[in-house]
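Presented below is the structure to which this report refers.
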Amino acid sequence: MTVSQQIITIAMVVLGTALTRFLPFLLFPAGRSTPKYVQYLGKALPAAVFGLLVVYSLRNTDLFSASHGLPELISVALVVLLHLWKRQMLLSIAGGTVCYMLLVQLVF
């Protein structure tokens, strides 16, 4: 890349970052109420993302290999238990990920 291409690239990244940071404040000012569809998306998308993450994580699980999917099953159970206990999605995801990595690296 030439110097001018690098400057243009950095400027576009800065512009994109600033736009995504300021656009919600321009579209939804503090004095107005949040539109119903945005409230709906705020309630529906976390569960949809969580479901998509489950499907994506388990898509290549081979039940006929040596571990028979046990690390995945144990980690999914931990995610469910953590989520029922604390109701914090990031804690559940992080706990399941750490559990799976430890099981795969140290046990199976």
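The values are calculated or read from the model by the stated rules, or taken from the named source; none is laboratory data. Predicted model, so just to flag it, every value in this text is computed and none were measured. All Cβ positions, even for glycine, are placed from backbone atoms using ideal geometry, and neighbour counts span all protein chains on display. The accessibility values were calculated without ligands, DNA or RNA, using every heavy atom of the protein model including side chains. Shrake-Rupley method; radii C 1.70, N 1.55, O 1.52, S 1.80 Å.
Give the residues of segment 13-69 that are at positive phi and of a type in the set (A, V, I, L, M), sorted by residue number. It would help to see each step written out before you state the result.
Taking segment 13-69 and keeping what is at positive phi, we get 68-69.
Across segment 13-69, there are no qualifying residues.
Taking first residues from segment 38-60 that are under 29 Å from F28 (Cα atoms) and of a type in the set (G, A, S) and partners that are modelled with pLDDT under 90 and open to solvent by less than 70 Å² (accessible area, probe 1.4 Å), the Cβ contacts under 9 Å between residues at least 6 apart in sequence or on separate chains come to G42/T34.
Conditions (1) under 26 Å from R87 (Cβ atoms); (2) open to solvent by less than 100 Å² (accessible area, probe 1.4 Å); (3) assigned to a helix (DSSP H, G or I); (4) touching a Leu at 6+ places or on another chain (Cβ under 9 Å), marked per residue:
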position: R21; (1), (2), (3), (4): no, no, yes, no
position: P24; (1), (2), (3), (4): yes, yes, yes, no
position: P29; (1), (2), (3), (4): no, yes, no, no
position: T34; (1), (2), (3), (4): yes, yes, no, no
position: L41; (1), (2), (3), (4): yes, yes, yes, no
position: A44; (1), (2), (3), (4): yes, yes, yes, no
position: F50; (1), (2), (3), (4): yes, yes, yes, no
position: Y56; (1), (2), (3), (4): yes, no, yes, no
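Would you confirm whether any residue within segment 58-68 is open to solvent by less than 90 Å² (accessible area, probe 1.4 Å) and out of contact with any helix residue (DSSP H, G or I) (no Cβ under 9 Å at 6 or more places or on another chain)? Looking through segment 58-68, at least one residue is open to solvent by less than 90 Å² (accessible area, probe 1.4 Å) and out of contact with any helix residue (DSSP H, G or I) (no Cβ under 9 Å at 6 or more places or on another chain).
Take the residues of segment 85-108 that are of a type outside the set (S, T, N, Q) and not in a helix (DSSP H, G or I): which is most open to solvent (accessible area, probe 1.4 Å)? Going through the qualifying residues, I end up with R87.
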